[in-house]
1. Tell me which strands (runs of 3 or more DSSP E) are completely within region 70-180 and hold 3 or more residues being touching a Phe, Trp or Tyr at 6+ places or on another chain (Cβ under 7 Å), or say none if there are none.
2. Of the residues that make up region 77-84, is at least one closer than 19 Å to Phe25 by Cα, touching a Cys at 6+ places or on another chain (Cβ under 8 Å) and among the polar types (S, T, N, Q)?
3. For the structure I just gave you, tell me whether Val27 is in contact (Cβ under 8 Å) with a residue 24 or more places away in the chain and surrounded by fewer than 18 Cβ atoms within 10 Å (Cβ to Cβ).
4. Going by what's in this entry, would Glu69 be described as out of contact with any helix residue (DSSP H, G or I) (no Cβ under 6 Å at 6 or more places or on another chain) and modelled with pLDDT under 95?
5. Kindly provide the set of residues from region 128-143 that are within 14 Å of Ile52 (Cα to Cα) and either in contact (Cβ under 8 Å) with a residue 12 or more places away in the chain or touching an Asp or Glu at 6+ places or on another chain (Cβ under 7 Å) (or both), ordered by number.
6. With modelled with pLDDT under 95 and in contact with a Leu (Cβ under 8 Å, 6 or more places away or on another chain) as the only criterion, which of Arg59, Arg41 stands out?
7. Give the residue that is nearest to Tyr132 (Cα to Cα), with candidates limited to residues of region 30-54 that are of a type in the set (A, V, I, L, M, F, W, C) and in contact (Cβ under 8 Å) with a residue 60 or more places away in the chain.
8. Looking at (1) closer than 18 Å to Glu177 by Cα; (2) outside any helix (DSSP H, G or I), find the lone condition where Asp26 falls short.
Amino acid sequence: MTVKITYFVHGTTTDNEKEISSGWFDVELSEKGVRQSIELREQTKDKEFDVIFCSDLKRAVNSAKLAWEGKIPIILDKRLRECNYGKFNAKPSSIVEPMQEESITKKFPEGESYEDVKTRISDFLNFLKNNYDGKSVAIVAHKAPQLALDVLLKGKTWEQAFNDDWRKRKAWQPGWEYIL
């Protein structure tokens, strides 16, 4: 058996619009992000999910609720949080993004590394394997957990995952598919 995962990123936040890398800073969706999340309900109306898992940061929670509340059970899970940039949470992306690839194994000051995120996501995938075999689940989360899925389930190196990241091409889509 397998677990079918459809991964969604949270809607645009007020920090995204200011080119701020939020990390663990708990920022709100912008008006655009609210619209995107509401539109996601329509964009996914033909998809069937047994459950929605989302990061416990409110940008992901609110995105999931706006898209599926009352339709599909939503479960918050802190393992799905963005990378903790430590001292660099809520700092300009022009500072944080150049540090990301050097933070694959080296932790952000007072934060975590991308390998730490991979460990969290690996633990979450084991949980899915043990509890949701044969099911279709959706995840609403952030950049780092999605890149960790590319590393863990698509066999990419971290460097490849960063290089291939859809955000660099502005190639958003309503969901990315993974098989566990």
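The values are calculated or read from the model by the stated rules, or taken from the named source; none is laboratory data. Everything numeric in this text was worked out from a predicted model, so none of it was measured. Every residue, glycine as well, gets a Cβ built from its backbone with ideal geometry; the counts of neighbours run over all protein chains shown.
1. Per the criteria, 136-141.
2. No: zero hits.
3. no
4. The answer is no for Glu69.
5. The answer is Leu128, Tyr132, Lys135, Ser136, Val137, Ala138, Ile139, Val140, Ala141.
6. Arg41
7. The qualifying residue nearest to Tyr132 (Cα to Cα) is Val51.
8. Looking at each condition in turn, Asp26 falls short on (1).
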